[in-house]
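Before any comments, here is the structure.
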Amino acid sequence: MRSIRALAALLALLPASGARADPVTETLTPFLDAVSTCAGTKSPILAVIGVEPGQIALSREQAEEVRLAVESGLQATGRVRLAAAADVVRIKALREGTTGLSGAEAEAQIRAAFVGDASVFLVAPAQAGATASVRLQAITRNAACKATSEPLVLPIRVGPGLADIDAVLAQAVKGLADAAPNASAISVCPFAADGGHSSCAGALTDRLVIALDAEARSANRILNGGRLDVRRLGPGIACPAEPGALSARGRFSHERDGSSWMEVSFLRDGAVVAPTGRRRIATEGLGCDPTPRPFLDHVAATARTDGGRLAVSAAATPFGRGQRLEMRIESKARQSLYCWVVAPDETAFVALPVRGNAASQAPLQPGDNRRYPRGYGLDEIVAGEPFENLFSCFGVEGALPPELQARWLAAAPAADGDAALLQPADVLDLLEKIRAVPGVTEAVARVVVR
């Protein structure tokens with residue numbers, strides 16, 4: 001009887017039939033056994049580096065979540081100590097902001113954060129639904145031994161499942177370099193926005209230029225004597241179609257559910273090289289408004305307005321047929337004025353200054369209040385058929401740069417002649433270049449006739 005009771009007590013201590021250990025522990029145990037053998041210690045110090053910055057399987061937030069989950073799993077085993085390799089920048093910034101660090105001290109701190117028996121990299125990241133899988137790869141300090149785990153599956157917050165913009169672009173550029181290693185020049189066409197105009201299209205164009213410029217300056221290209229001239233084309237300029245010419249073209253879209261997407265393709269002789277495919281992205285870090293808008297709404301929404309310097313308004317909203325059109329212009333600083341009337345079809349004509357009209361060419365002074373057209377001695381404009389345009393003015397201290405000044409005046413009306421109609425390519429190009437002038441101010445107002 002006593003032996004039966006002892007056997008029952010022993011069986012009670014054994015795991016129930018079918019019970020399994022925690023899957024994270026199951027994966028980490030043989031991995032840590034191999035690491036201990038490599039490092040020659042039962043309690044190794046590990047520096048968890050994280051996933052590679054260029055991977056696109058996980059967003060930055062998800063990659064950080066996975067790294068922290070791996071660290072928690074390692075700590076829970078009680079078999080390792082962790083070095084602050086991935087967090088050394090935060091520690092450095094904190095200490096520099098409080099006690100201050102010399103260059104030598106900062107360098108020593110960074111070195112100390114990476115001192116451990118092995119560095120752990122998270123490799124082969126993949127995502128499936130609400131889980132992510134990675135392999136842990138530990139490499140000893142002298143790189144003489146390494147250990148690799150089986151895939152470790154961890155839950156993640158899926159959210160929108162966003163791809164890192166710079167990582168996607170870097171991968172596309174790498175694909176271009178592999179597919180066309182002898183490419184010496186590329187033209188970057190402006191991103192197109194589905195459904196209208198979006199400031200994010202321009203921001204993405206800028207990021208693509210940066211990624212291509214990084215490739216142009218890469219050590220591999222420089223060492224091999226390769227050269228890559230990156231040319232950013234202005235809006236409205238057609239992408240090159242010459243034989244052998246290489247171009248980059250992108251598309252941005254923003255859906256009704258709030259999601260944003262981009263795709264990039266490199267083309268040569270009509271063939272697509274290294275496409276990214278359509279990738280969902282986060283636009284918050286771009287500093288742009290993803291909403292696609294009609295042209296006039298886009299111009300007004302992205303205008304560099306400063307009511308403390310310049311303001312324009314319509315004398316009536318809306319104007320009635322047969323009523324005189326009049327715009328009020330109020331200046332609160334000394335500035336030269338350049339105004340045009342922009343139409344929904346992306347065409348425009350220059351309104352001010354007028355060639356041969358001294359009053360329209362004189363700089364405005366603080367406190368000036370003008371009326372267009374009567375205040376400049378110009379003929380009255382009577383409202384006719386219904387329309388909706390935008391009266392837009394740029395205020396510049398001094399004058400526009402000579403090249404822009406010449407282009408503007410060439411399209412401006414003369415005292416005895418009409419203004420030239422500017423086509424969309426010229427309008428988009430002038431808009432971008434004038435807005436890039438340091439210190440420029442804009443003011444816009446709707447001109448509506450009903």
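Quick one: net charge around GLY270, please, counting Lys, Arg +1 and Asp, Glu -1 for every other residue with C-beta under 14 Å from its C-beta. Intermediate values should be presented prior to the final figure.
Details: positive: ARG249, ARG268; negative: GLU242, ASP269.
Once positives and negatives cancel, what remains is 0.
Could you tell me the convex hull volume per residue, in Å³, taken over the Cα atoms of region 340-408? Please report the intermediate quantities before stating the final value.
Numbers: hull volume 8.1 nm³, N = 69.
Spread over its residues, the Cα hull of region 340-408 gives 117 Å³ apiece.
Among [x] 33.6; [y] 35.2; [z] 21.4, find the value of mean projected area of the Cα convex hull in nm² that was calculated from the structure presented, and write down its label.
Recomputing mean projected area of the Cα convex hull in nm² here gives the entry labelled [y].
Nearest 5 percent is fine: what portion of the DSSP beta bridges confined to the chain is antiparallel? Mind dumping the intermediate values first?
On the way: 67 of 87 bridges.
So the antiparallel bridges amount to about 75 percent of the total.
Using Cα positions and a limit of under 19 Å, work out the aspartates and glutamates in reach of LYS42, with same-chain residues fewer than 8 apart set aside.
GLU26, ASP33, GLU71, ASP117
Using a Gaussian network model of the chain with C-alpha springs under 10 Å, which one of SER187, SER336, SER218 is most mobile by mean-square fluctuation?
Between SER187, SER336, SER218, it is SER218 that shows the largest mean-square fluctuation.
Report the calculated FRET efficiency for ARG141 and GLU64 (r = Cβ-Cβ distance, R0 = 30 Å), to the nearest 0.05.
Working: r = 25 Å, r/R0 = 0.83.
The calculated FRET efficiency here is 0.75.
Nearest 0.05, what FRET efficiency do ILE49 and ALA399 give at R0 = 60 Å with Cβ-Cβ as r? Mind showing how you got there, number by number?
Working: r = 54 Å, r/R0 = 0.90.
That gives a FRET efficiency of 0.65.
Could you pull out the GluC sites (Glu not before Pro) across region 197-263 that fall in loop regions by DSSP (anything but H, G, I, E, B) with no more than 13 other Cβ atoms inside 10 Å? Don't jump to the answer; show the numbers that get you there.
On the way: sites: GLU215, GLU255, GLU263; in loops: GLU255.
Loop-located and lightly packed - GLU255.
How would LEU74, LEU223 rank on accessible area, largest to smallest, probe 1.4 Å? Provide the component values of the computation, followed by the final result.
Details: LEU74 0, LEU223 145 Å².
The residues order as LEU223, LEU74, largest area first.
Averaging sequence separations of C-alpha pairs under 8 Å and six or more residues apart, then dividing by the length of the chain, give the relative contact order as a whole percent. Intermediate values should be presented prior to the final figure.
Working: 850 pairs, mean separation 53.1, N = 450.
After rounding, I find 12 percent.
Give the residue list of trypsin sites (Lys or Arg not before Pro) in region 297-356 that are DSSP loop and have at most 16 other beta-carbon atoms within 10 angstrom.
Working: sites: ARG304, ARG309, ARG321, ARG324, ARG328, LYS332, ARG334, ARG355; in loops: ARG304, ARG309, ARG321, LYS332, ARG334.
Counting only loop positions with at most 16 other Cβ atoms within 10 Å, the trypsin sites (Lys or Arg not before Pro) in region 297-356 are ARG304, ARG321, ARG334.
Cβ under 14 Å from THR317's Cβ, THR317 left aside: what net charge do those residues give with Lys, Arg +1 and Asp, Glu -1? Working shown, then result.
Working: positive: ARG328, ARG446, ARG450; negative: GLU326, GLU388.
Result for the neighbourhood of THR317: +1.
Output ³J(HN,Hα) for region 391-397: one whole-Hz value per residue in order, computed from phi by the Karplus curve 6.51 cos²θ - 1.76 cosθ + 1.60 with θ = phi - 60°, and x for Gly and Pro.
The phi angles translate into 9, 10, 10, 10, x, 10, 6 Hz.
What does the net charge come to around HIS197 if you take all other residues with beta carbon closer than 11 Å to its beta carbon, with K and R at +1 and D and E at -1?
On the way: positive: ARG293; negative: ASP194, ASP289, ASP297, GLU346.
So the surrounding residues net to -3.
Which of rounded, prolate, oblate describes region 357-450, given a ≥ b ≥ c as roots of the alpha-carbon gyration tensor eigenvalues and a/c under 1.5 marking rounded, otherwise prolate only if a/b is larger than b/c?
Details: a/c = 1.44, a/b = 1.20, b/c = 1.20.
Rounded shape, in that the Cα axes give a/c under 1.5.
Amide H to amide H under 5 Å from LEU82: which residues, 5+ apart in sequence or cross-chain, H placed 1.01 Å off N in plane?
Residues meeting the amide H criterion: LEU46.
Test of understanding: in a Gaussian network model of the chain with alpha carbons linked when under 10 Å, which of GLY78, GLY307, GLY320 would top the mean-square fluctuation ranking?
Highest fluctuation of the listed residues: GLY78.
Order of 62-71, 121-130 by packing, highest average Cβ count within 10 Å first?
On the way: 62-71: 19.0, 121-130: 14.7.
Answer by packing, highest mean first, reads 62-71, 121-130.
Looking at region 188-280, which trypsin sites (Lys or Arg not before Pro) are DSSP coil and have at most 14 other C-beta atoms within 10 Å of their C-beta?
Filter output for region 188-280: ARG217, ARG227, ARG256, ARG278.
Rounded to the nearest 0.05, what FRET efficiency is calculated for ASP416 and TRP261 with R0 set to 56 Å and r the Cβ-Cβ distance?
Details: r = 52 Å, r/R0 = 0.93.
E between ASP416 and TRP261, to the nearest 0.05, is 0.60.
The values are calculated or read from the model by the stated rules, or taken from the named source; none is laboratory data. Just so you know, these numbers come straight off a predicted model, no measurement behind them. In this analysis, Cβ positions are derived from the backbone assuming ideal geometry, glycine residues included, and neighbour counts consider all displayed protein chains. Heads up: the accessible areas ignore ligands, DNA and RNA and are worked out on the full protein's heavy atoms, side chains in. Shrake-Rupley method; radii C 1.70, N 1.55, O 1.52, S 1.80 Å.
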